[in-house]
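The values are calculated or read from the model by the stated rules, or taken from the named source; none is laboratory data. Here the structure is a predicted model, which is why all the values come from computation and not from measurement. With ideal geometry, Cβ positions are generated from the backbone for all residues, glycine too; neighbour counts draw on all protein chains shown.
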Amino acid sequence: MIRGRMIFSLVCCSAVCWAGWPTYHGDASLKGVGEAKLGDGLELAWRYNAGGEVYATPVSDGERIYFTAKKGRVVALGLDGKKLWEKAFSRKSDAGQEMPLRFEAPLVCAEGMVFAGTARGAMIALDAKTGEEKWRYETDGVITGSPNFMDDSVVVLDQSEGALHRLDIKTGTLLWKTEGVERCDGAPGIGKGHIVFGSCLAALHVFSIEGKHLKDIEVGGDGQIAGGVAVDGNLAYAGLRDGTLVCTDLKAGELVWSSAESKEQTFSTPVVTEKRVVYSSDDGFVYAVDKKEGKTVWKFDTGGLPYSPVVAGERVVVSADGVLYLLKSSDGKKVWSKEVSDDITSPAIIAGMVVVGADDGTVSCWRASAP
């Protein structure tokens, strides 16, 4: 899930207190807003070679950086880019051969643990300091969307069935499981007592934190939802297959507004700031719309396939076709770009810097250029 297509944990790093980036799109709400002053350019702070493709956005608890790499590996780095631990996971094939597990979903970290969902439906919990496996839970399904977390539990969505599983964060004990709704490829957003995710039914599904099904909000048309849902108070934002971005009221169960600028699928996870919503679409553009009415404020043509953007201070950070961009959040003007690899993940904002994984097997960290 390189497209990045999850509450903050505050820890001290030197003399600065940084917020973690515990999911592929920031905190549990998936709003995609981080802490950093990036200025008008970035420079390489360090690059780590993992020896295999990195397809999912790295995450961080503010002390360490975690990511998955090819051949079933979970890796932890220090904020200086030095490896702290690495664990490899495998399974036996029907022929009795050892096969590496596939991690298609991004990792999640919370409460001193790192959680990895496999393509064969297992949730694996690791100790964040050592990588020691603490527990394993089988969903009997497929995990492609990022897990999320709340209170003392972790929530995972089974893609094939569209059922939520809530697990005790320390033991992996199942606390509750919902009835399936339909195939769900994306990630659930959590906020203000709601768990929200989209499905192939062209609807957003709203559950309480106790697992009660509250409502389904139909978005209509060719509106399948395969990306993550960003939750801001009683509002939820999601992109649709027909290119539309929608804002929905979770209490009223109604559509508030829709932005239909793009005619290509919009499966990125939107960024939700105080005044604007920023999202990308397969038409190559990054869009910023007014948060109240959904009217387009600006758009930027990447000329490629942009992944889920994030916002740090006055800058929008987005990747497309292996190029990392900095845009002004005020007007969408490009202030800097750099080709990193043929394909890179959506960015993470970690310790005031930008971190991306790449198809060349590297994880690179970019800091603000000296003035």
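A few points about this structure:
- Evaluation of V155 against (1) closer than 20 Å to V75 by Cβ; (2) at pLDDT 95 or above; (3) part of a strand (DSSP E or B) (one fails), failing number: (1)
- Any chance K338 is at pLDDT 95 or above, farther than 15 Å from R47 by Cβ and basic (K, R): no
- Taking the numbered list (1) in a strand (DSSP E or B); (2) over 22 Å from D158 (Cβ atoms) in turn, V206 passes all entries but (2).
- Subset of region 349-371 [under 11 Å from S319 (Cβ atoms) and among the small types (G, A, S)]: G357, A358
- Leading residue by the ranking (nearest to G52 (Cα to Cα)) among those in region 316-368 that are in a loop (DSSP other than H, G, I, E, B), hydroxyl-bearing (S, T, Y) and over 16 Å from the mean Cα position of the chain (by Cα): S341
- Filtered by the rule that a residue be part of a loop (DSSP other than H, G, I, E, B), modelled with pLDDT of 95 or more and over 18 Å from V272 (Cα atoms), region 212-240 gives a lone residue, K212.
- Residue list for region 88-110, filter: out of contact with any Ser or Thr (no Cβ under 6 Å at 6 or more places or on another chain), surrounded by fewer than 19 Cβ atoms within 10 Å (Cβ to Cβ) and either modelled with pLDDT of 95 or more or of a type in the set (A, V, I, L, M, F, W, C) (or both): A88, A95
- Single residue of V311, V246, V256 found to be out of contact with any helix residue (DSSP H, G or I) (no Cβ under 7 Å at 6 or more places or on another chain), closer than 26 Å to E35 by Cβ and either in a strand (DSSP E or B) or of a type in the set (F, W, Y) (or both): V311
- Members of region 341-356 that are in contact with an Asp or Glu (Cβ under 8 Å, 6 or more places away or on another chain), under 16 Å from A69 (Cα atoms) and among the small types (G, A, S): S341
- Of residues in region 111-124 being surrounded by fewer than 24 Cβ atoms within 10 Å (Cβ to Cβ) and aliphatic (A, V, I, L, M), the one nearest to Q159 (Cα to Cα): A119
- Residue list for region 174-194, restricted to those being under 21 Å from I217 (Cβ atoms), over 15 Å from the mean Cα position of the chain (by Cα) and aliphatic (A, V, I, L, M): V181
- Apart from one condition, V16 fits all of (1) modelled with pLDDT under 95; (2) under 22 Å from L157 (Cβ atoms); the exception is (2).
- Filtering region 145-160 to residues that are out of contact with any Lys or Arg (no Cβ under 8 Å at 6 or more places or on another chain), surrounded by fewer than 24 Cβ atoms within 10 Å (Cβ to Cβ) and of a type outside the set (A, V, I, L, M) leaves D151, D158.
- Among the residues of region 164-200, just one is in contact with a Lys or Arg (Cβ under 6 Å, 6 or more places away or on another chain) and closer than 19 Å to L107 by Cα, namely H165.
- Tallying residues that are hydrophobic (A, V, I, L, M, F, W, C), part of a loop (DSSP other than H, G, I, E, B) and over 16 Å from I143 (Cβ atoms) within region 182-203 yields 3.
- Any hit, region 163-173, residues being farther than 20 Å from D140 by Cβ and within 22 Å of the chain's Cα centre (by Cα): yes
- When every residue of region 28-39 is checked against the conditions, at least one turns out to be touching a His at 6+ places or on another chain (Cβ under 9 Å) and either surrounded by fewer than 24 Cβ atoms within 10 Å (Cβ to Cβ) or at pLDDT below 95 (or both).
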